[in-house]
Amino acid sequence: MILYGYKNFLNADAYRADTVGELARLYRLVSQLEGYHAAVAELPKLRARLSEADAQLRQLQAAPVPADKKGQESHKKSLKQRSSEQAGLREEIGSLERKIAGVEGDAALATLARQHPRIAEEARLETSRLHAGDPTNTALWREFMPACQAALDRMYDRLGIHFDLTLGESYYQPGLASVVASLKERGLAVESDGAICVFIAGVEAPFIVQKRDGAFTYATTDLATIADRVDRLQADVVLYVVDARQADHFKLLFATARQWGYTGVDLRHVSFGTILGDDRRPFKTRSGDTVGLESLIDEAVVRARQIVDGNETQKANGPELDDAARAGIAEAVGIGGIKYADLSQNRETDYVFSWDKMLALTGDTATYMQYAYARVCGIFRRGQIDRAELRRNGGRVVLEHPAERGLALQLARFHEVLDAVIFDYRPNLLTDYLFALSNLFSTFFEQCPVLKAESSELRVSRLLLADLTAQTIHRGLHLLGIETIEKM
RNA sequence: GCCCCCGUAGCUCAGUUGGAUAGAGCAACGGAUUUCUAAUCCGUCGGUCGCGUGUUCGAAUCACGCCGGGGGUACCA
């Protein structure tokens, strides 16, 4: 789509000024025009289905209600089904009409749509040309990639995400033809309606490894990836952290891979729920109308900064933190909050996107744990305690106060939680644990003076508990990719 | 049509392989700060775990049925 957009709709100035932004615009534009034509083609069919559904519904309503109970129930049921079908069709039609109006209501867009009636096929053709090694498209792709990669790297960098090894789709491209050939050779892939497909017993949908126009698909790349990871990297587990809606794809992929001979590798779809908008409809990342990650992060950091500044002005002895320190705290708190919001929900549950949830700084949030950690650091700083020395001196932990006991029990459970997290790839178990731990620490902090403990033995014991708490929070948050801060 | 997921407090969600009076956060309300950071703590209010039947000593959890909501389903990448 981007290739087609570049060749037909490029704004050269915008491309020079903001390459990625312009490419994104082109993608959205082509996607919109494609959607327009698809909607125009689809609309009459849907309208026909709707009038059919209307007629059926009227017929049902006019029909006499059966005398027997069973008949009544089935009558009621089909009535309900019909009207729900009718409502569904109306909704779909409305959505298509809006799509069409969006283009036709804009003179420039309407003209473009008229000039590019076969945009969908032609855009696809650009992809298959690229796959076939077309020099122009390959050169363009080489031109686009660095800018896009740089934009991604900036985000990953800000989020503290690092990769051991990155291989894009292009890495596998040279091997795709032989994947298809190998599947054919084994009798796994057959031609169907001009496409090369693998059919898996019990699944109606085909697994298309090569389209009618010759282009390969994600299915082909995914198979080539499995082969590479097993043959070259000797992977024994491969995890796919992908939206639950791709479940069918992975079912077919894994089944095909096994039949292809890759039986010794554990292939797992670690699926996660769909992110829904306020209307409870899925966010569609490709349509480009979602909340951008960057603006989400910026907003989170701004809000965190407001709290930091507010706290600083309220301090009895005047502000302690300079601008750089405050900025660092705001970044850690803002980004940590977003990561935590995402990781603290059961990954399989769909969730409604909410700014408030993403940006909350009180209650069950990353901030809560970061704050508990900073409070421990405050104790050591205030008491001028050398933590390494404390650990070396080997004092005893005594548990007399209920708050001490509760905290210690929770600390001892850390390893169990990590086992459970790894077992089924459920980070929310770790967030639950850390929240409970931090909560127990806060209670302990309120009720058990550490530096001013009644005896030196008790003081050492409580210092050890505080130290362990900080270490555990630090490790736990670190595993979630969330930073800790010494002062907040 | 076929396949998959969900329904737990006003809201957002936990609830590990079935195990004790079903838990949090937010919201609401009431308290706590001369003492290590109040981004905090303590408390109150709030639930027929969608409905029914079954399996079990025991079900939010398992089975079946029903009601309600959502998603996927041949050439998009």
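The values are calculated or read from the model by the stated rules, or taken from the named source; none is laboratory data. Predicted model only: the values in this text are computed from it and were never measured. We place every Cβ from the backbone using ideal geometry, glycine too, and count neighbours over all the protein chains shown. Note: areas computed on protein heavy atoms with side chains; ligands, DNA, RNA excluded. Shrake-Rupley method; radii C 1.70, N 1.55, O 1.52, S 1.80 Å.
Side notes on the structure shown:
- Matching residues, the stretch A:168-200, being touching a strand residue (DSSP E or B) at 6+ places or on another chain (Cβ under 9 Å) and of a type in the set (Asp, Glu): A:Glu191
- The test for being more than 10 Å from RNA strand B (Cβ to nearest atom) and either in the same structural domain as A:Leu343 (by TED's automatic domain parsing) or not acidic (Asp, Glu) (or both) does not hold for A:Leu451.
- Qualifying positions in the stretch A:146-179 - part of a helix (DSSP H, G or I) and within 30 Å of A:Val198 (Cβ to Cβ): A:Glu169, A:Ser170, A:Tyr171, A:Tyr172, A:Gln173, A:Pro174, A:Gly175, A:Leu176, A:Ala177, A:Ser178, A:Val179
- Every residue from the stretch A:464-488 that is more than 14 Å from RNA strand B (Cβ to nearest atom) and more than 27 Å from A:Asp309 (Cα to Cα): A:Leu468, A:Gln471, A:Thr472, A:Arg475, A:Gly476, A:Leu479
- The residue that is modelled with the lowest pLDDT, counting only those in the stretch A:120-158 that are within 16 Å of RNA strand B (Cβ to nearest atom) and β-branched (Val, Ile, Thr), is A:Thr127.
- Residues that are among the hydrophobic types (A, V, I, L, M, F, W, C) and touching a residue at least 12 places away in the same chain (Cβ under 8 Å), drawn from the stretch A:105-128: A:Leu109, A:Leu112, A:Ala113, A:Ile119, A:Ala120, A:Ala123, A:Leu125
- For the stretch A:212-247, filtering for residues that are more than 16 Å from RNA strand B (Cβ to nearest atom) and in a strand (DSSP E or B) leaves 3.
- Residues being crowded, with 17+ Cβ neighbours inside 10 Å, free of Cβ contacts under 8 Å to residues at least 24 places away in the same chain and out of contact with any Asp or Glu (no Cβ under 6 Å at 6 or more places or on another chain) - total across the stretch A:14-58: 2
- Matching residues in the stretch A:355-372 - criterion: being in contact (Cβ under 8 Å) with a residue 24 or more places away in the chain and open to solvent by 20 Å² or more (accessible area, probe 1.4 Å): A:Trp355, A:Leu361, A:Asp364, A:Tyr368, A:Tyr371
- Residue match in the stretch A:415-435 (condition: surrounded by 15 or more Cβ atoms within 10 Å (Cβ to Cβ), over 24 Å from A:Thr367 (Cβ atoms) and modelled with pLDDT of 95 or more): no
- Enumeration of residues in the stretch A:184-204 that are open to solvent by 50 Å² or more (accessible area, probe 1.4 Å) and of a type outside the set (Phe, Trp, Tyr): A:Lys184, A:Glu185, A:Arg186, A:Gly187, A:Val190, A:Glu191, A:Asp193, A:Ala201, A:Gly202, A:Glu204
- Among the residues of the stretch A:92-122, the ones that are open to solvent by less than 80 Å² (accessible area, probe 1.4 Å) and either not in a loop (DSSP other than H, G, I, E, B) or not assigned by TED's automatic domain parsing to the domain that holds A:Ser51 (or both) come to 19 in all.
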